[in-house]
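Only the coordinates and a few stated rules stand behind these numbers; no lab work does. Since the structure is predicted, the reported quantities are computational estimates derived from the model, not experimental observations. Positions of Cβ are generated from backbone atoms using ideal geometry, with glycine treated the same way; all protein chains shown enter the neighbour counts.
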Amino acid sequence: MFFNQKLLNLTMNKKTLSSILVLFAILAIVSTFFIPKSIVEDYGALIYAIPFILVLLLIGFAIIISGKKKENPLISQRQQALNAIKQSEKDFLQHKIDKGTFDKLSQENNSKLIEIEAKIDVEKNKGAPKSEIKKNSSISSDKRNILKGLLDQKQIKVTQLKKAEGSFYHRKIDEEGFRKISSEIKQEIITIDSQIKGIQDSEAIENLKEQLKQSGIELTKQKKVI
């Protein structure tokens, strides 16, 4: 929550700073009309170029500021998890924590890291696979966004499960931890799948009703013709 607020404040500051720079640029242009003739006579017509050069610099600076990409909060979260893992290892080696505490911290932080990295991967790939989305292209627009969100969530969980397997094989989590994580993820996938199926079944029923309705209309028309 604190990080999101900080990011919002930074975005607001960039917008404010950009607005101030543009305002200064406008003032610089307007100021050319108020340059005393004596100064122009002393330094020549080139004096008018100074405000325009300043304007170009200010506009360029404003573009650079407004064009900077926002930092992804997931990157910061991943770094925090990595730092926590390193710190627990350091504390264990320095005998500041016992084996049981170290195993618990390592398990918790690696579990967080797996989830964060899964979200980052899915975000990079822009959500669920296009093939999955195309399968549901016939879904009505009011349900499509909900379905897209569920498919994205499922993709995160599927990726998370693969990363958990990788962490287990690389001995970052033990067998008990892997079983717990994989069990939780699989249960979440089942829940998401049931929600997806619910939307698909609901859409199928509505489509069937519409088809029956259209068939009824056509049948009525045929009777009238006869």
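Each Lys and Arg contributes +1 and each Asp and Glu -1, all at the Cβ; summed about the Cα centre of segment 73-217, the dipole is approximately 380 debye.
For the listed peptides 143-150, 187-194, a ranking on the average number of other beta carbons within 10 Å per residue, highest first, reads 143-150, 187-194. Amide H to amide H, with H built 1.01 Å from N, Ala128 comes under 5 Å of Asp152, counting only residues 5 or more places away or on other chains. Exceedance of the 29 Å cut-off in Cα-Cα distance is limited, within the set Lys172/Lys197; Lys134/Lys163; Lys157/Lys209, to Lys172/Lys197; Lys157/Lys209. Spin-label pair Ser140-Lys186: with each label point 7 Å from Cα along the Cα-Cβ axis, the two points sit 3.7 nm from one another.
Pairs over the 25 Å Cα-Cα cut-off, from the set Lys130/Lys162; Lys104/Lys124; Lys86/Lys162: Lys104/Lys124.
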